[in-house]
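Have a look at the structure below, then the notes.
All of the numbers you see were taken from the coordinates with simple rules; none came from a lab. Predicted model, so just to flag it, every value in this text is computed and none were measured. Every residue, glycine among them, receives a Cβ derived from its backbone with ideal geometry; neighbour counts consider all protein chains shown.
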Amino acid sequence: MDQDKKRIDWSEKCWKEMLVYQRKSMWLEDTLDKFAAWLGLKPGMTAVDVGCGLGYLGYTYWPYFGKGGRYFGVDISPELIREAEDIAKEWSKGGEASFKVGDAYNLPFPDDFADLAMCHIVLIHLEKPELALAEMIRMAKPGGLIMCQEPDNVSTMLTRQYPSMPDLEIEEQLLIAKIVITYNIGRIKLGLGDWSIGRKIPRMMKKLGLSNIGVRINDRAYYLEPPYEGPLQQYHLEWAKKKYLDENQHQTWRDQLKDGFLAGGGDPEDFRRYRELDDRIISIVRRQIEDGEYFECGSGDMYVIRGRKPLS
Amino acid sequence: MSQDNLPEADPPSAENKIDWSEERWKEMLVYQRKYMWFEDTLDKLAIWLDLKPGMTAVDVGCGLGYLGYTYWLYYGKGGRYFGVDISNELAQDAKKASKDWAVSGEAFFITGDVYKLPFPDDFADCVMCQALLMHLEKPELALAEMIRVAKPGGLIMCHEPDNLSAALEKGHSSIPELDLEEQLLSSKTVIISNKGRIKLGRGDQGIGPKIPMMMKKMGLEEIDLRLNDRVFHLEPPYESPIQKHHLESVKKRWLPENEKNFQFWLERERDEFIAGGGQPEEYDRILKVVDRVRSIYRQQIENKEFFFCGTSHLYVIKGRKRLTG
């Protein structure tokens, strides 16, 4: 597969939408309070957000470090940077926010520059996550904080549950496991990043010499219950509809899954069987959503990992 | 509520009952619960649950009173705690231990059956359980009983894991990854064993995320859930108290001095696997994998090379009993 085809353009509509949509209500507010204390965020900090997209980490943690603080968002996409700049006018009160086009492997900052170097769902998309992490460490001050919020999507997929659906056959469950595991092997081969990276980052930090490594997961579980009342339920319902009922979106996702699965050495016949199974699951989900019977309950494995650059 | 959502009326069978006062089980009540929560998480949970001083709390399947002392700080002042357990021995031990923590409020321990709680209707402000429903043949029946005992508007709170997911996802460790066929065989074992477990009346390991829907069908309101944000993270040289504790639990599981215990769990799983419709030859194949992995574990623990990072899938689920009707 050629380089251009595989690389994600995050300013494209379907991807950009994820930058907004998936991140809405991603964290419970009290969890952010708790994490900010755990991370030792303080007003006046200089923070660099690598692969900042629309500035999500900036505005999410701004209440904790923004007063008198400086935020630098870096992204490979000039379009996203422009848009992030616009949005930042609204949230970056009391401190400064600026944005730069730049490469995660070659950050446009000197050594020992930031109190806090952070990223959110970035390493999962990189061919060389260690290299990007090393680069984040380079420009953090000695004693500075490195923070990564990265998921383990393999685990999330392997453990997905549909409480309102009839149990799948064991062979069907194993088929899904086979597809997901093989997909990730292929994904890594294609240079699209390791889908299970979240759980591997503490180890990476350790190897790169960080200290005070700590790890937690997002304690927000997703829950959808009929009759889906209230803004949060409506939001979840919209998201479920997008995921399962929007044919284009679903097809795009399935094409990616197939590319990765085949690149990982998967058997096309297995994928054909998977597609049939997926069609059947989708049709049940669709009917249950329409009939107001659909429940969703579970968790995504979203890790928050922190480490400290040594003083000497 | 349609008929088939009602809990079955038959009294549950008493087969396969675990004696939690037996050493290997009782140890879990102490060992697994140490460092289970971060303190700041409990603070946030207590607010989220709206615990208040002076509450009357009932802890169902209380064991050694874990939920009692864990949340005492938040409701205990002028509060009353009633721990109920099927094991008289545990209830006695818990009572002794409670002298240390149940200050400025009262703690009582009662021997009793989760399917038939020794309390009147509409009794408690908060009815709670931890890692209980996952062991029951009829979790809905126990949940219905918890609801009965709660006051209208009262809180029902369950700490229950999804150990099925925890077993399926594996985490990241220094143990070399199994090849695809072995991974699928391992997943198959986990899934079939859980089916067998349920059949044998030992409960559903994956019950956590199923509880909100159960609560909804039983008419509870304001249902919500959260996850424990604690990660099982073990990294040499295992220096902090939490790291030491984690290391001990890994040693307990894998080192030769605990061979007897290890065999006990394997035998138990084999029974469940067969009950779930698995073939004995297939279980023998998984045993070969386990044997191979075990020797790697032992070597890595000895060389202080073992590391692990993975989530625990422990849910806190809450719901409120309706004020009327």
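Of the residues A:Tyr222, A:Tyr294, A:Pro310, the one whose Cα sits farthest toward the positive end of the charge dipole of region A:213-312, with +1 on the Cβ of Lys and Arg and -1 on the Cβ of Asp and Glu, is A:Pro310. Angle of helix A:231-245 to the longest C-alpha principal axis of chain A, folded into 0 to 90 degrees and rounded to 10: 60°.
Note on B:Cys129, A:Cys14: ascending count of other Cβ atoms within 10 Å places them as A:Cys14, B:Cys129, the fewest first. For region B:150-170 versus region B:189-263, the inter-centroid distance based on Cα atoms is 11 Å. Relative to the current alpha-carbon distance between B:Arg285 and B:Leu73, full extension at 0.36 nm per residue lengthens the span by 71.4 nm. Using every pair of distinct Cα positions in region A:53-146, the Kirkwood expression returns a hydrodynamic radius of 13.6 angstrom. Among A:Arg187, A:Arg23, A:Arg199, the largest mean-square fluctuation in a Gaussian network model of chain A (Cα springs under 10 Å) belongs to A:Arg23. Applying both filters, DSSP loop and at most 16 other Cβ atoms within 10 Å, to the chymotrypsin sites (Phe, Trp or Tyr not before Pro) of region A:227-312 eliminates every site. Using a Gaussian network model on chain B with a 10 Å cutoff between Cα atoms, which of B:Ile207, B:Ile191, B:Ile47 fluctuates the most? Maximum fluctuation in the GNM of chain B, among the listed residues, is at B:Ile47. Counting other Cβ atoms within 10 Å as a rough exposure proxy, the listed residues A:Lys24, A:Lys13 run A:Lys13, A:Lys24 from fewest neighbours to most.
With Cα atoms defining each centre, region B:86-104 and region B:23-81 are spaced 13 Å apart in the structure. Note on B:Ser249 and A:Met18: their simple-model spin labels are 3.3 nm apart, each label 7 Å out from Cα toward Cβ.
Does region A:217-273 come out rounded, prolate or oblate, given a ≥ b ≥ c as the square roots of the eigenvalues of its C-alpha gyration tensor, rounded meaning a/c under 1.5 and, failing that, prolate meaning a/b above b/c? Since a/c reaches 1.5 and a/b is larger than b/c, the shape of region A:217-273 is classed as prolate. Each of A:Ile281, A:Met118, A:Thr252 was placed along the dipole of chain A (beta-carbon charges, centred on the mean Cα), and the one lying farthest toward the positive end is A:Met118. Which whole-angstrom value gives the distance between the alpha carbon centres of region B:265-325 and region A:179-211? Result: 23 Å between the Cα centres.
I want to check the label-to-label distance for B:Ala144 and A:Arg138. Put each point 7 Å from Cα in the C-beta direction and report it in nm to one decimal. Going by the 7 Å Cα→Cβ label model, 6.5 nm. Mean-square fluctuations from a GNM of chain B, with a 10 angstrom spring cutoff on Cα atoms, peak among B:Asp271, B:Asp204, B:Asp40 at B:Asp40. Applying both filters, DSSP loop and at most 13 other Cβ atoms within 10 Å, to the trypsin sites (Lys or Arg not before Pro) of region B:229-306 gives B:Lys304. Think of each Lys and Arg Cβ as +1 and each Asp and Glu Cβ as -1; about the Cα centre, that makes the dipole of chain B roughly 520 debye.
Classify region A:119-164 as rounded, prolate or oblate from the Cα gyration tensor: take a ≥ b ≥ c as the square roots of its eigenvalues, call it rounded if a/c is under 1.5, otherwise prolate when a/b beats b/c and oblate if not. Taking the square roots of the gyration eigenvalues as a ≥ b ≥ c, region A:119-164 is prolate. Inter-chain Cβ neighbour count for A:155-161, averaged per residue, equals 6 (cutoff 10 Å, partner chain atoms only). Charging the Cβ of each Asp and Glu at -1 and of each Lys and Arg at +1, and nothing else, the dipole of region B:40-159 about its Cα centre rounds to 260 debye. Diffusion coefficient (Stokes-Einstein, Kirkwood radius over C-alpha pairs, 37 °C, 0.692 mPa s) for chain A: 159 µm²/s, rounded to a whole number. Only helices enter the 222 nm calculation for the protein assembly as shown: every DSSP H run of n ≥ 4 contributes -39,500 (n - 2.57), and dividing by all residues gives -14500 deg cm²/dmol, rounded to 500. Neighbour counting of Cβ atoms within 10 Å sorts the residues B:Glu27, A:Glu83, fewest neighbours leading, into B:Glu27, A:Glu83.
Plainly put, the protein assembly as shown has a radius of gyration that is 0.96 times its Kirkwood radius, both from alpha-carbon atoms, as the Rg/Rh ratio.
With the simple model of a label 7 Å out from the Cα in the direction of the Cβ, A:Arg275 to A:Ser312 spans 6.2 nm.
Which Cα, out of B:His245, B:Phe306, B:Met214, lies furthest along the positive dipole direction of region B:204-325 (beta carbon charges, K/R +1, D/E -1)? It is B:Met214, whose Cα lies furthest towards the positive end.
On the basis of the beta-carbon distance and an R0 of 22 Å, A:Glu290 and A:Ile8 show a calculated FRET efficiency of 0.10. Between 0 and 90 degrees, rounded to the nearest ten: what's the tilt of helix B:39-49 against the longest Cα principal axis of chain B? In chain B, helix B:39-49 runs at an angle near 40 degrees to the longest axis. When the trypsin sites (Lys or Arg not before Pro) in region B:34-133 are filtered for DSSP coil states and for at most 13 other beta-carbon atoms within 10 Å of their beta-carbon, the remaining sites are B:Lys34.
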